[in-house]
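The values are calculated or read from the model by the stated rules, or taken from the named source; none is laboratory data. A quick note: this is a predicted structure, and the numbers were derived from the prediction, not measured. For neighbour counting, all protein chains shown are included, and Cβ atoms are generated from backbone atoms with ideal geometry for every residue, glycine included.
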Amino acid sequence: MALPPPVPEFILRGSGAPVNTLHFRCGDPGPPLLFSGRAEKVLERHGGASVIWLDTLGSRDTLISQGRDMRVCTWDLCEGRSDVLDSFSTGSVGFCQCSLLQSPGLSLLAHPGPLTEEIKLIDLASKTQVCSLKSDAKRGMLMCAKLWQPDSGTGPSC
């Protein structure tokens, strides 16, 4: 006999689209706080499309989101604000989530490109494309990407 599903710890409310990603960033000393009840703030910039990836830049004051509307947005969350600082089109509505690499003075973002097998790397500070990676072999749609920097290296690896 199968066991019943576990009782949820938290219930996310207020989303008009399926929840595809959740990101907790706990930088303060002490336990993280989750509040229940009414929505305190709604960040709406992806036109009702679901958000497939979230992360924070540098501190907890800047959020970056990727939506199924083919856009990546950066948000100013400082002092309770919820303003969009910038956004750009990825040209992709696939399943691949962005990947963020941060080091002092550098924030690189890998995101899927308009071609199904392409990944683009941009410098978030200057909004310039660093490179575009596309395989010569046709292997199908890009499903996952991870940008990382080896401990012994001086630059990022894709």
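Do we find that T74 is in contact with a His (Cβ under 7 Å, 6 or more places away or on another chain) and hydroxyl-bearing (S, T, Y) in this structure?
On the way: in contact with a His (Cβ under 7 Å, 6 or more places away or on another chain): no; hydroxyl-bearing (S, T, Y): yes.
No.
Which residue pairs have Cβ atoms under 6 Å apart, sit 6 or more places apart or on different chains, and have a first residue in the range 48-65 that is free of Cβ contacts under 8 Å to residues at least 40 places away in the same chain and a second that is charged (D, E, K, R) and part of a loop (DSSP other than H, G, I, E, B)?
A49/R68; A49/D69; S50/R68; T56/R25; R60/R25
S59 - would you say it is at pLDDT below 80, surrounded by fewer than 15 Cβ atoms within 10 Å (Cβ to Cβ), among the polar types (S, T, N, Q) and within 25 Å of N20 (Cβ to Cβ)? Give the derivation first.
Details: at pLDDT below 80: yes; surrounded by fewer than 15 Cβ atoms within 10 Å (Cβ to Cβ): yes; among the polar types (S, T, N, Q): yes; within 25 Å of N20 (Cβ to Cβ): yes.
Answer is yes for this residue.
In the range 106-131, which residues are assigned to a strand (DSSP E or B) and more than 22 Å from D55 (Cα to Cα)?
Residues of the range 106-131 that are assigned to a strand (DSSP E or B), as a first pass: 106-112, 118-123, 128-131.
If the condition is that a residue be assigned to a strand (DSSP E or B) and more than 22 Å from D55 (Cα to Cα), then no residue fits.
Does K146 fit the bill of being in a loop (DSSP other than H, G, I, E, B), within 21 Å of Q102 (Cβ to Cβ), in contact (Cβ under 8 Å) with a residue 12 or more places away in the chain and not aromatic (F, W, Y)?
On the way: in a loop (DSSP other than H, G, I, E, B): yes; within 21 Å of Q102 (Cβ to Cβ): yes; in contact (Cβ under 8 Å) with a residue 12 or more places away in the chain: yes; not aromatic (F, W, Y): yes.
Yes.
Here's the yes/no breakdown for (1) closer than 27 Å to M143 by Cβ; (2) modelled with pLDDT under 80; (3) not in a loop (DSSP other than H, G, I, E, B):
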| site | (1), (2), (3) |
| --- | --- |
| P32 | no, yes, no |
| E44 | no, yes, no |
| W53 | yes, no, yes |
| D69 | yes, no, no |
| E79 | no, yes, yes |
| S92 | yes, no, no |
| Q102 | yes, no, yes |
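Just a yes or no: is a residue in the range 117-130 touching a residue at least 60 places away in the same chain (Cβ under 8 Å), surrounded by 13 or more Cβ atoms within 10 Å (Cβ to Cβ), of a type in the set (A, V, I, L, M, F, W, C) and at negative phi? Step through it out loud before you land on a result.
At the first step, the residues of the range 117-130 found to be touching a residue at least 60 places away in the same chain (Cβ under 8 Å) are 124.
If we keep only those that are surrounded by 13 or more Cβ atoms within 10 Å (Cβ to Cβ) too, we end up with 124.
Now drop any that are not of a type in the set (A, V, I, L, M, F, W, C), which leaves 124.
Then keep just the ones that are at negative phi; that gives 124.
The answer is yes; a qualifying residue exists.
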